[in-house]
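The values are calculated or read from the model by the stated rules, or taken from the named source; none is laboratory data. Just so you know, these numbers come straight off a predicted model, no measurement behind them. Glycine also receives a Cβ, built like all others from the backbone with ideal geometry; neighbour counts cover every protein chain displayed.
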Amino acid sequence: MTPANVTILSSTRFVAPPHRPRRSARDMSSAARASPVASAAAASARRRATKHAVASRRGFGVAGGHLLGTRHRVDGVRLGERYARDGGRGARLAPRADAPESPSSSTVVSDVAEPSTPSPAADTAPVDPDAPPPLSPAAQKAVALVDRDVRVASASSADLARPSAPNTYLPKSAGGFSLPLPPEPVRFPRTKLNLRLAVLLLRSGYETIDAMDVLPMDSFQVKFWKARQAEWEPYKFQYAPLVIEQGKLEDPLYFDFISYVQFEVVAREMPNSASVFEERSGAEGTVKVVRRDPNIADNALLPAVLAQRLGDTIYARLRYGFEDTTFPGCPEPANVESLSPGGDAAEDAETLNAKFSLIQRGVAGLTKCMVDKGYGLRSDVSVIETRVDKRRQKLKIVVEGPANLWGAQALAARGVSPMNEYLGFAITAYCRASGVGSFYVSKATDVAVEIELTVTMP
């Protein structure tokens, strides 16, 4: 008998077996005592059926990928929904056209179903009930554009991650400052995070780690799960009596925690990672040998490469869209050269200031487009100083109540590099795409994250 809270998704109509007289509880108990092996086998079969009928929400694993749409599966349902194919990949489950109408709750239905001939649709090959829905043409185009930009940038990762590169994706303070004690919990309410933005940030991190071939992803999932289990109870206790729902990415308390765990595990494993390793994938545990790109074989480069690739991925997805979600206000790369005087004419201070203003508006727009989706409560971008003689300007970016406020402080307390500097990575990617140099310093207070961004014109 299927439990009341279990929903079995299937495109095949259930046909009840012929009616048989019900046995009493005493008869059933006697049969169980007479054949304990059969009883145990039946109980095991029921457990397996229930396990495969419902995906456990408690098995939520952000780093594990099936929930985030990657090729590595974990227990959990993608974005809390279940999908099944019906004549096409990922179509939402719908009744067959030839199926009779479902009776209303007031209709009495007989325990005996009339025998019926299976329809051809019932003989189709088994499908994945958790397959994601099909993407719209606009979303497919966005995916292609993101893949193009990320592929081009990743091919030059070794050069873009050099300390002497024009754009520095890692904050200058990363790894150089550690707090004496873990941070206090966030004591004020933060805005609800847009689900697509939360998935964008976490999935981008997971896919970047996977594409870099830093470590076996099956091993990463195990380490991530263990770290999450070890950190979850202490984290949850400090917010009591508030209840934090595990797996609810829209809740900034949970997003803050899961983002912290993801980066903490990655930063801990990268320094000792191997360039060649075996990785298991699929339900059968297929083993394959993975070799990292020789250009990034040096483990010392990996934090900067991760920051660069993750920043370029986040900016591209904000710019082009992500799973039919757009981010209004995200700027296109600034064309600062269009403001330059033609010919050999010297560039005056007014033209240079116009270029700085163009970059400032782009940085403000990029920050606001994330805040508008719940990344923070509010944001502000202001000019600290402008040095025309050095063609340099310093901006101050403040995001109050960001979704990674506690995690940023906790990672800093452990001296972790890279930290979950989503905004700093994305702003650096925007500056690089605009053809201007940049580096930044980031610090977290009890209420906000402050970034001092220095922009240098070519």
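Summary table
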quantity: Every residue from the stretch 240-259 that is of a type in the set (A, V, I, L, M, F, W, C) and modelled with pLDDT under 95; calculated: Ala240, Leu242, Val243, Ile244
quantity: Residue check for Lys394: among the basic types (Lys, Arg), in contact with a Ser or Thr (Cβ under 7 Å, 6 or more places away or on another chain) and within 27 Å of Pro234 (Cβ to Cβ); calculated: no
quantity: Lone qualifier among Glu323, Glu279 - being at positive phi and crowded, with 16+ Cβ neighbours inside 10 Å; calculated: Glu323
quantity: Test: residue in the stretch 280-288 that is in a strand (DSSP E or B), in contact with a helix residue (DSSP H, G or I) (Cβ under 9 Å, 6 or more places away or on another chain) and not charged (D, E, K, R); calculated: yes
quantity: Qualifying residue in the stretch 404-425 (condition: within 14 Å of Gln360 (Cα to Cα) and β-branched (Val, Ile, Thr)); calculated: no
quantity: Hits in the stretch 258-268 (condition: surrounded by fewer than 18 Cβ atoms within 10 Å (Cβ to Cβ) and either part of a strand (DSSP E or B) or among the hydroxyl-bearing types (Ser, Thr, Tyr) (or both)); calculated: none
quantity: Subset of the stretch 269-279 (residues that are in contact with a strand residue (DSSP E or B) (Cβ under 9 Å, 6 or more places away or on another chain) and in a loop (DSSP other than H, G, I, E, B)); calculated: Ser275
quantity: Matching option when the condition is surrounded by fewer than 20 Cβ atoms within 10 Å (Cβ to Cβ) and within 24 Å of the chain's Cα centre (by Cα), among Pro303, Pro252, Pro294, Pro271; calculated: Pro271
quantity: Filter result (touching a helix residue (DSSP H, G or I) at 6+ places or on another chain (Cβ under 7 Å), small (Gly, Ala, Ser) and closer than 20 Å to Ala426 by Cβ) within the stretch 347-406; calculated: Gly362, Gly374, Ser379, Ala403
quantity: Filter pass, Thr313 being more than 16 Å from Gly435 (Cα to Cα), assigned by TED's automatic domain parsing to the domain that holds Leu193 and surrounded by 15 or more Cβ atoms within 10 Å (Cβ to Cβ); calculated: yes
quantity: First in the stretch 253-278 and in the same structural domain as Arg414 (by TED's automatic domain parsing), second anywhere and surrounded by fewer than 15 Cβ atoms within 10 Å (Cβ to Cβ) and in a strand (DSSP E or B), Cβ under 6 Å, 6 or more apart; calculated: Val276/Arg291; Glu278/Val287; Glu278/Val289
quantity: Every pair of residues 6+ apart whose Cβ atoms lie under 7 Å, when the first sits in the stretch 226-244 and is closer than 16 Å to Ser259 by Cβ while the second is among the aromatic types (Phe, Trp, Tyr); calculated: Tyr235/Phe257; Ile244/Tyr254
quantity: Out of Pro234, Pro216, sole residue that is surrounded by fewer than 17 Cβ atoms within 10 Å (Cβ to Cβ) and either over 20 Å from Thr325 (Cβ atoms) or not assigned by TED's automatic domain parsing to the domain that holds Glu400 (or both); calculated: Pro234
quantity: Meets criteria (in a loop (DSSP other than H, G, I, E, B), of a type in the set (Gly, Ala, Ser) and within 25 Å of Val143 (Cβ to Cβ)) for Gly329; calculated: yes
quantity: Flag if Tyr315 is under 23 Å from the mean Cα position of the chain (by Cα) and closer than 17 Å to Asn167 by Cβ; calculated: yes
